[in-house]
Amino acid sequence: MERTLRLGTRGSPLALTQAHMVKRALEAAHGWPETLIEIVPVKTSGDRIQDRALAEVGGKALWTKELDLALHDGRIDFAVHSMKDVETIRPDEIVIAAMLPRADVRDRLIGADSIDAIRQAGRVGTSSPRRSAQLRRLRPDLEIVLFRGNVDTRLSRLNLGEADATLLAAAGLDRLGRPEVGAPIPVETMLPAPAQGAVGIEARSDDAEVRGWLAAIDDAATNACVRAERALLTRLGADCRSPVAALAVPDGDGWRLRAQILMPDGSESVEGEAAIGDPDDAGALAAELLGRASPGLRAHFAG
């Protein structure tokens, strides 16, 4: 093949690491030389705006809109994303063409050995509505402070004493070669964000050739589980302000889906699980959760 394929990505260390994972996977699957795929860093609004929560400045689209535009304009042929950062409603001209095998879905706590070990009235740095609500549910005494930025930025702020602890995704730390950083939090204690630990690759819907190449590296089990979690988000009508956690795992011929919706202050939580035969059936669990929620909790979802 004579053409060069351009892989778009955010420019953070983790995003570049994930882009190289995709590049190596494609090279191995197709026997391509290392020179065939060019990694093209694209500066996103989410990388530029670090002093405010995403919900205040445009939500998850801040991670995707510049890459979407680069795809649309033909400046890149496909784009790599952390799937938990991708909006549930995507443009018709863009398709999620593949997902790599999912990594550790758990959060890791840095600064304390466990949530119970954080000092009384301690400060925890995070920008995640889900993590904030879960922490407040478990420890109402804790103060949540806004932590945005890449892994090194957050760890630096923690080391400077801006908080007693922070939380990061185990998958990101592992991919950056830092498996020793932090204490894993069991999913029974804190259910992860939908699609956490999954890397997705998007392409133009009408580019059958690129979609065919990407299909060769798609992990079917990861794709199905993430699809179920995203279907739940869609039925909930969740946005970047909605505290929601979900995890689907293969179960026999189908999947078992667990989910939790919370008030932002942690004062109310509704949890449930269901066996589903198709990832798109996840909406039934979402409806059941909303049916058991108070009007105040339902107000945080549009489903």
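Size of the stretch 231-291 from its Cα atoms: along the principal axes, largest to smallest, the extents are 38, 19, 18 Å. If we count every other residue with Cβ under 14 angstrom of ASP92's Cβ, Lys/Arg +1 and Asp/Glu -1, where does the sum land? Residues close to ASP92 contribute a combined charge of -4. Take the convex hull of the alpha carbons in the stretch 61-160; its mean projected area over all directions comes to 8.3 nm². Note on ASP116 and SER267: the model spin-label points, each 7 Å out from Cα along the C-beta direction, lie 2.7 nm apart. Averaging the sequence gap over all C-alpha pairs within less than 8 Å and six or more residues apart, then dividing by the number of residues, gives the chain a relative contact order of 20 percent. Measuring nothing but how far apart in sequence close Cα pairs (under 8 Å, 6+ apart) lie, relative to its length, the stretch 152-303 scores a relative contact order of 20 percent.
Length gained on full extension, GLU34 to LYS65, computed as 0.36 nm times the residue gap minus the Cα-Cα distance: 8.4 nm.
In plain terms, the residue of VAL95, VAL80 with the fewest other Cβ atoms within 10 Å comes first and the most crowded comes last, giving VAL95, VAL80. Dividing the mean sequence gap of close Cα pairs (under 8 Å, 6+ apart) by how many residues the stretch 109-203 holds gives a relative contact order of 36 percent. Loop only per DSSP, at most 16 neighbouring Cβ atoms within 10 Å: give me the trypsin sites (Lys or Arg not before Pro) in the stretch 220-259, ordered by residue number. In loop regions of the stretch 220-259 (DSSP not H, G, I, E or B), the sparsely surrounded trypsin sites (Lys or Arg not before Pro) are ARG241.
At q = 0.15, 0.16, 0.18 Å⁻¹, what log₁₀ I(q)/I(0) does a Debye calculation on the Cα points of the stretch 158-303 give, no solvent, two decimals? Log-scaled intensity ratios, in q order: -0.89, -0.98, -1.13. Which value, in Å to one decimal place, does the Kirkwood hydrodynamic radius take for the chain when every pair of different Cα atoms is included? With all distinct Cα pairs of the chain included, I get 19.9 Å. Output the antiparallel fraction of DSSP beta bridges having both residues in the chain, as a percent to the nearest 5. Expressed as a percentage, antiparallel bridges in the chain total about 75.
The ranking of THR88, THR17, THR9 by Cβ neighbour count inside 10 Å, starting from the fewest, reads THR17, THR88, THR9. Split the chain at each of the GluC sites (Glu not before Pro) in a DSSP loop with at most 13 other beta carbon atoms within 10 Å, and the longest piece is 189-303.
Between ALA216 and ARG256, the contour length at 0.36 nm per residue exceeds the alpha carbon distance by 11.8 nm.
Taking a ≥ b ≥ c as the square roots of the eigenvalues of the alpha-carbon gyration tensor, the stretch 128-173 is classed oblate because a/c is 1.5 or more while a/b is no larger than b/c. Comparing ALA15, ALA208, ALA183 in a Gaussian network model of the chain where C-alpha atoms under 10 Å apart are linked, the largest mean-square fluctuation is found at ALA208. Within the listed set HIS30, HIS72, HIS81, the residue fluctuating most in the Gaussian network model of the chain (springs between alpha-carbon atoms under 10 angstrom) is HIS30. Taken along the Cα-to-beta-carbon direction at a fixed 7 Å, the label points for ALA284 and VAL249 span 2.1 nm.
With the gyration tensor restricted to C-alpha atoms of the stretch 107-184, the semi-axes of the equivalent ellipsoid amount to 19, 13, 12 Å, longest first.
Distant-in-sequence amide contacts of SER205, defined by a placed amide H-H separation under 5 Å and a gap of 5 or more residues or a different chain, comprise ILE94, VAL95.
Values in this text are rule-based calculations from the coordinates and carry no lab data. Bear in mind that the values here come from a model prediction, so they are computed numbers and not experimental data. Note that each Cβ is placed from the backbone with ideal geometry, even for glycine, and that neighbours are counted across all protein chains shown.
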